[in-house]
1. Any chance you could list P(r) for the range 226-342, counting all Cα-Cα pairs in 10 angstrom bins from zero, rounded to whole %?
2. Treat the count of other C-beta atoms within 10 Å as a stand-in for reagent exposure and order Val40, Val175 from fewest to most.
3. Please list the radius of gyration and Dmax for the range 11-202, considering alpha-carbon atoms only, with Å as the unit.
4. Let me check against my output: what whole-number percent is the relative contact order of the range 249-344, with C-alpha pairs under 8 Å and at least 6 apart?
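Bear in mind these aren't lab numbers, they're just calculated from the coordinates by the rules spelled out. Just so it is clear, the structure is predicted and the values come from calculations on it, not from any experiment. So basically every Cβ, Gly included, is an ideal-geometry build from the backbone, and we count neighbours across all protein chains shown.
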Amino acid sequence: MIRHMRPTRWSVVLLLAAFAGTCTPRGAKDFRGEVPTSPVIVAGVSLPEVLPSGGTQPFVMRARPGGLLVVFFGFVNCPDICPTTLSETKRAVAMLGGGGRDLEVAFVTVDPTRDSAQVMLDYLGSFFEQGAHALRPETQDQLGRAQTAFRATSTVTREADGHVDVSHTATTYVVDPAGRVILQWPFGTSAADMAHDLRRLTGDAPGPDGAASDALAPPTAPAEGLLLDDAWVRASPRGATMGAAYLTLESTTGDRLVEVATDSSLTEYMEMHEIVAGEGGALRMQQVASLELPAGERVTFEPGGRHLMFIGLRQPLVAGRSVALRLRFERAGERTVHAVVRGD
Ligand SMILES: [Cu+2]
């Protein structure tokens, strides 16, 4: 079954600078994504696609005739970046309605040692009922050649203490039937922007952008003390042993968040994490020991920014359920906030 290292320290480095100098600015030719200015040909890339039957078949990086192929490199136990991207992609496909027919999605694992065939099928199946391809390179060389073609990169570092560091380019690629990358979306591109670009590429009439917006009601101002608002937990994709919770905090007096925990039947432990810019445009996810809440300032945990991370999930985070998060503050003491688990 699923075997995973118990991460004593956990961090993910996201390399987003791989395309520096190769792309036009966002918005070129009325696309929200980036159009490569020099050809990026991936038609020569073939990777093993894992099948529910237990076997594999070669998958070539081309869309079906008249269709488009959306490609993302990641790993199952990525708590924030990968599920954010896959869930935005899923919503974009839903926004296209019938126009999403000719759309296929391919997810390439950069961590095939931990991401077994079954783990990948479970994971991808929790986002897409059909039209998604789980691609699992069998050798490092195979993965390397695929990444080179996409100008992507990744590393998986295992240390003696069980610590696993995974880094990967967090760009989403749109490939045409000729096997060319015709558009790419940087991490953080919204479903509405993806749907906008896909409609333009498929020639569909524009629909109501942002129709599926899940904007939250504005939080009420704290009368005094501490505001905890907008708490939610991302439903865990099948196969995932990591998860993320998000919320908004505001202290009228100034405070410091020093600890986060939840029921031990749910997860081994929790940590606070943030994604920070590193050298050369890379983004790095790292643990933060505590978090300053300046007086009167809203501090948010949100996808792509900070998250409260569940490490070593003992049961899945099921949509619709509520999770009690226990937050300990230097001044306000312990507060419990009930976060609803959200699917897509
Ligand atoms: Cu994290």
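1. 14, 46, 31, 9, 0
2. Values: Val40 19, Val175 27.
The most exposed by this proxy come first: Val40, Val175.
3. Taking only Cα atoms of the range 11-202, I get Rg and Dmax of 15.6, 50 Å.
4. Relative contact order here is 35 percent.
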